[in-house]
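Peer 1: Below is one structure. I have some questions about it.
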Amino acid sequence: MIKIYPPKTTEEKGEFKIASVFESEGHREELWFSFPSKFREYAVTEQLDAFVVGLLFLGLKTGQDIEVCGKLSARLYYAINHYLINALCLANTDYKKIKVEAHYLSTINLNLREISGTGLSCGVDSFATYYDHLNSKPPFAIEYFTFFNVGSHGDFGGENARRIFSERFGRVKTCANELGKEIIKFDSNLSEVLRMNFQQTHSLRSISCVLVIQKLFRNYYYASSIRFDQFKLDKIRIAEYDLINLQMLSTESTTLWSSALQYTRPERLNFIADFALVSKYLDVCTNPYVVDRKKINCSRCDKCIRTMLLLDFYDKLDRFHKVFDLEEYQEKRQDFVAHIRAKRNKETQDYQLLNLLKTKGYINYKVKTRSAIFRVHSELRKIKKVFK
Ligand SMILES: [Zn+2]
């Protein structure tokens, strides 16, 4: 049984920290979140919503029920027990079906401001979410950006992830300033507590931070990476069923939305590429190992080349010369397409890309020849393995 106790708050050097002690497998630990003190009045100290959502995966992983020794949102209690745990267990059969119990349930709307927020990473999905709400009126207009340290800078957290988090924050903050919005930096030890794969768990990790400040956000947009029709209960990528997750994590105070859900990745890239600021800040690269990069994006990794291919397809790549190394792209592009074409287990994004490129004649005889060579190499490797 995981027992979660009411939180305590402290303040130091302009940072407000909210922490709860919890017991798991006989050990006492602490889960904490911290953010700038100026937002302290929006912290939810009377309910344990954020801590339950943050620790839910620990319960699912270890098979321990969760006892909330305090108040929990009644809506959250209902949705987690009836639907969310079942959906997560269907998506990943390694999880154990558990129960969440709370000493008290609350139906109070704690929200003090009729405004919205969203995360800003300077990636395609976060820009698509921002520009999609450009003309929204309150309570749907975006007032604040958020930036979380709950695994996207290193699955298991630690000091290295915290250093990357601070470095990236500097860049993202400059972009937020140019957009005329404040960005709220959230640190937490959730990654160190969970020690789980980020791709399989990120939605709940990020939303636990949002639930810490439900008094601020009436609506919160969590960018989807897929379009509605690509919905799937997937073991590896929790993002593919965020449509369910976010509905089930909404409370009486804050409604969560899976945003930019109406666009495929190529569509959202085409949409945001028209905004000048995007060509200055777009950051899609997830490859931390390229140290000799000339631009923000390494321009060599899978994600970088895919993005450049799409921008090229829409005749918008030249605008992005500040963030991508276009010479590197010219060198790598043909082999990359040939590789994708030769792949045996193609993903949705591979089919999307190839279908688009076909319409503009990118799949020429050179690509076809390279692709055939890659296939032969792959078969030879398999035969070698058999005779080893
Ligand atoms: Zn890259």
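The values are calculated or read from the model by the stated rules, or taken from the named source; none is laboratory data. This is a predicted model, so every value here is computed, not measured. Cβ sites come from the backbone with ideal geometry, for glycine too, and all protein chains shown count toward neighbours. These accessible areas exclude ligands, DNA and RNA; they are computed on the full protein's heavy atoms, side chains included. Shrake-Rupley method; radii C 1.70, N 1.55, O 1.52, S 1.80 Å.
Peer 1: Applying 1/(1 + (r/R0)^6) with R0 = 22 Å to the Cβ-Cβ distance of Arg28 and Leu105, what FRET efficiency is obtained, to the nearest 0.05?
Peer 2: 0.30
Peer 1: Using the scaling law 2.2 N^0.38 Å as the reference, what is the normalised Cα Rg of segment 284-383?
Peer 2: Here the answer is 1.12, to two decimals.
Peer 1: Something else now. How much area per residue is accessible in the chain when the probe is 1.4 Å and only protein heavy atoms are counted (Å²)?
Peer 2: That works out to 47 Å² per residue.
Peer 1: I've got another one for you. Please state, as a whole number in µm²/s, the translational diffusion coefficient that the Stokes-Einstein equation yields for the chain at 37 °C and 0.692 mPa s, with Rh defined as the Kirkwood radius across alpha carbon pairs.
Peer 2: For these conditions, the coefficient is 147 µm²/s.
Peer 1: Would you please classify the overall shape of segment 153-202 from the alpha carbon gyration tensor, given that a ≥ b ≥ c denote the square roots of the eigenvalues, rounded means a/c under 1.5, and beyond that prolate means a/b larger than b/c while oblate covers the rest?
Peer 2: Judged from the Cα gyration tensor, segment 153-202 comes out prolate (a/c at least 1.5, a/b above b/c).
Peer 1: What residues from segment 123-158 fall in the zone where the backbone N is under 20 Å from a label point 7 Å along the Cα-to-C-beta line of Thr174?
Peer 2: The answer is 123-124, 126-127, 145-148.
Peer 1: Could I ask something else about it? In nm, give the distance between the simple-model label positions of Ala87 and Tyr314, each being 7 Å from the Cα along the Cα-to-Cβ direction.
Peer 2: 2.8 nm
Peer 1: Work out the charge dipole of the chain with +1 on the Cβ of Lys and Arg and -1 on the Cβ of Asp and Glu about the Cα centre, then indicate which of Leu357, Ile373, Leu112 is farthest towards its positive end.
Peer 2: Ile373
Peer 1: Full-extension gain between Asp94 and Phe275, please, as 0.36 nm times their residue separation minus the C-alpha to C-alpha distance.
Peer 2: Difference between extended and current length: 60.8 nm.
Peer 1: With the full set of protein chains in place, find how many percent of the accessible area of the chain is carbon and sulfur; take the probe as 1.4 Å.
Peer 2: 52 percent
Peer 1: Now a separate question. How far apart, in nm, are the 7 Å Cα→Cβ label points at Ser378 and Leu354?
Peer 2: Result for the modelled spin labels: 0.9 nm.
Peer 1: Work out the charge dipole of segment 271-388 with +1 on the Cβ of Lys and Arg and -1 on the Cβ of Asp and Glu about the Cα centre, then indicate which of Thr307, Thr348, Val278 is farthest towards its positive end.
Peer 2: So the residue furthest toward the plus end is Thr348.
Peer 1: Straight-line reach from Lys13: which aspartates and glutamates have a Cα under 18 Å away, not including same-chain ones fewer than 8 places off?
Peer 2: Glu41, Asp187
Peer 1: Counting each DSSP H run of 4 or more residues in the chain as -39500 (n - 2.57), what helix-only mean residue ellipticity at 222 nm follows after dividing by all residues, to the nearest 500 deg cm²/dmol?
Peer 2: -12500 deg cm²/dmol
Peer 1: Say a site is exposed when it is one of the GluC sites (Glu not before Pro), sits in a DSSP loop, and has at most 16 other Cβ atoms within 10 Å; what is then the longest site-free stretch of the chain?
Peer 2: 115-346
Peer 1: For the charge dipole of segment 2-259, defined by +1 on Lys and Arg C-beta atoms and -1 on Asp and Glu C-beta atoms about the Cα centroid, which residue among Asn219, Leu194, Ile142 has the Cα displaced farthest towards the positive pole?
Peer 2: The Cα lying farthest towards the positive end belongs to Ile142.
Peer 1: A further question follows. Cα gyration tensor of segment 59-129, axes a ≥ b ≥ c as square roots of the eigenvalues: rounded (a/c below 1.5), prolate (a/b > b/c) or oblate?
Peer 2: Because a/c hits 1.5 or more and a/b fails to exceed b/c, segment 59-129 counts as oblate.
Peer 1: Oh, and also: Evaluate the distance, in nm, between pseudo-label points positioned 7 Å from the Cα of Tyr78 and of Ser37 along their respective Cα→Cβ axes.
Peer 2: 4.0 nm
Peer 1: Now, a different point. Taking the Cα centroid of segment 22-44 and of segment 51-94, what is the distance between the two, rounded to the nearest whole Å?
Peer 2: Taking the Cα centre of segment 51-94 as reference, the centre of segment 22-44 is 18 Å away.
Peer 1: In this model, which of Lys99/Lys235; Lys181/Lys316; Lys185/Lys280; Lys303/Lys346; Lys8/Lys215; Lys181/Lys232 are farther than 25 Å apart at the alpha-carbon?
Peer 2: Check vs 25 Å cut-off fails for Lys181/Lys316; Lys181/Lys232.
Peer 1: Follow-up question, since we're still on this one. Give the separation of the Cα centroids, segment 202-232 to segment 115-182, in Å.
Peer 2: Distance between centres, Cα-based: 12 Å.
Peer 1: Given R₀ = 30 Å, FRET efficiency for Arg333-Gln199 by Cβ-Cβ distance, to 0.05?
Peer 2: 0.70
Peer 1: Another one. Just subtract the alpha-carbon distance of Lys8 and Ala141 from 0.36 nm times their residue separation and send over the number in nm, one decimal.
Peer 2: Result for the pair: 44.7 nm of gain on full extension.
Peer 1: I need the shape label for segment 180-250. Rule: rounded when a/c is under 1.5, else prolate if a/b > b/c, else oblate, with a, b, c from the alpha carbon gyration tensor.
Peer 2: Oblate, because a/c is 1.5 or more while a/b does not exceed b/c.
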